[in-house]
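A.B. asks: Mind looking over this structure? Questions follow.
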Amino acid sequence: MTTRATRRSQDDMKVNSDDEETPTFKFNGKIYTTYQEMVNAKRKRNQDVLEASGLLKPSQPPLYTSHVTSNKRNKNKQAQLKAPPQQPSRRSSRLSQSDKPNYKDVSTFIEQQAAVVNKKRPRTTSTESRIVSPSLAAAPAPPAANSVRSINIDTKTLVLGEKGVLGQMMDHTGKEFVINESFALAAHPDDQKRLAGSRLSFNKYCGVQEFKNAIFLWINLGSKDNPVVNDFLEDARQVSWFGGSRMHDESPVIHKLLKMGQQHDEKEVGDDKPHSDIILWCRRYQTDTKKFTPYLCFGRLTYHSHVPQSHPLKFIWKLIDYDGLKNHSDKAVRDRFAAFTT
């Protein structure tokens, strides 16, 4: 039985019968002396057929070559190999011939180390040096034309006048209603004329509101979310008040509070009582509705004491109009005062 290899050898090769003759290889009518020559001829034939049929496109040069980068890398590598080895940057005191540190003299060693640290890092000021002196305290910016801080208000008329609001609860919630109501009742006529129809500007998030000649203090009662607890003391004759998180002893508004609270007008008002332009407004959190009541006017305050350098600053104020609230002719006022202070 003739195998496939035998048939291929019969077609492509012709070997002379004489064992001493060199074997020959035949392909497409040509005779090759070596097998490799015949294989090369077949490869060329296949290449020509593919190019003629269009199946094989001529090779294109690459879009970019990396021989430049390779040469550059090779040069850098050769330069590194030729460069002398780097010497260690740190040397012992013995090799560098420097003075040896005296570890027995601890104080001298500490001073030397501190000098090195001070060169690298500037010294920070102490806590005491960071406290702003009264002369360097930044003055508040001038108020805008419609700012509450530009308005003069008659606090005596507001609290004790014919339409005075002592012990009265506002008709609506929020500080804005208190500001507008106070402006309508007791603002100076020139300011009322100047700002007629204008919307008054004030800080509704602050616990203190400055007027040009007066100050309103705001207090929340009964709220669990407050970080501090405002409370009435001495049978509601006194009340605690805390400054804001950014207030400190040198804040301009704190200076103004101390000045107005301690140097109030000594002229007699009503039953031989001093006068003050600091007015207290309180509102209470209602657990059933989960809302605050409208603000209630507790009248005028005078300074009792405070804790310097505390944070937040804590003040104790005295209620000038305590008797007027406690013994008010209107039972509703007496009941509201008792409900807020107990």
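The values are calculated or read from the model by the stated rules, or taken from the named source; none is laboratory data. Keep in mind that what you see is a predicted model, and the values were worked out from it rather than measured. Glycine also receives a Cβ, built like all others from the backbone with ideal geometry; neighbour counts cover every protein chain displayed. Heavy atoms of the whole protein, side chains included, go into the accessibility calculation; ligands, DNA and RNA do not. Shrake-Rupley method; radii C 1.70, N 1.55, O 1.52, S 1.80 Å.
A.B. asks: Is there a residue in the range 175-197 that is within 30 Å of residue 314 (Cβ to Cβ), assigned to a helix (DSSP H, G or I) and within 30 Å of the chain's Cα centre (by Cα)?
C.D. replies: There is at least one residue in the range 175-197 that is within 30 Å of residue 314 (Cβ to Cβ), assigned to a helix (DSSP H, G or I) and within 30 Å of the chain's Cα centre (by Cα).
A.B. asks: Working carefully through the options 236, 339, 332, find the one that is surrounded by fewer than 18 Cβ atoms within 10 Å (Cβ to Cβ) and in contact (Cβ under 8 Å) with a residue 40 or more places away in the chain.
C.D. replies: Result of the check over 236, 339, 332: 339.
A.B. asks: For the range 158-168, how many residues are open to solvent by 60 Å² or more (accessible area, probe 1.4 Å) and touching a residue at least 24 places away in the same chain (Cβ under 8 Å)?
C.D. replies: The number of residues fulfilling the criteria is 2.
A.B. asks: How many residues does the range 178-209 hold that are under 21 Å from residue 168 (Cα atoms) and either touching a His at 6+ places or on another chain (Cβ under 8 Å) or not hydroxyl-bearing (Ser, Thr, Tyr) (or both)?
C.D. replies: So the answer is 13.
A.B. asks: For the range 7-21: of the residues being polar (S, T, N, Q) and open to solvent by 100 Å² or more (accessible area, probe 1.4 Å), which is modelled with the highest pLDDT?
C.D. replies: Result: 10.
A.B. asks: So which strands (runs of 3 or more DSSP E) are wholly in the range 233-342 and hold at least 3 residues that are acidic (Asp, Glu)?
C.D. replies: Hits in the range 233-342: 265-269.
A.B. asks: Identify, please: which residue in the range 179-214 is open to solvent by 20 Å² or more (accessible area, probe 1.4 Å) and among the acidic types (Asp, Glu) and is, among those, nearest to residue 280 (Cα to Cα)?
C.D. replies: 210
A.B. asks: Got at least one residue in the range 240-255 being surrounded by 16 or more Cβ atoms within 10 Å (Cβ to Cβ) and under 19 Å from residue 325 (Cβ atoms)?
C.D. replies: Taking every residue of the range 240-255 in turn, at least one turns out to be surrounded by 16 or more Cβ atoms within 10 Å (Cβ to Cβ) and under 19 Å from residue 325 (Cβ atoms).
A.B. asks: I'm trying to understand the selection: among the residues of the range 28-57, which are open to solvent by less than 80 Å² (accessible area, probe 1.4 Å) and in contact with a helix residue (DSSP H, G or I) (Cβ under 8 Å, 6 or more places away or on another chain)?
C.D. replies: If the condition is that a residue be open to solvent by less than 80 Å² (accessible area, probe 1.4 Å) and in contact with a helix residue (DSSP H, G or I) (Cβ under 8 Å, 6 or more places away or on another chain), then 32, 38, 56 are the ones that fit.
A.B. asks: Can you name the number of the only condition in (1) modelled with pLDDT under 90; (2) under 30 Å from the mean Cα position of the chain (by Cα); (3) within 25 Å of residue 337 (Cα to Cα) that residue 245 fails?
C.D. replies: Answer for residue 245: the failing condition is (3).
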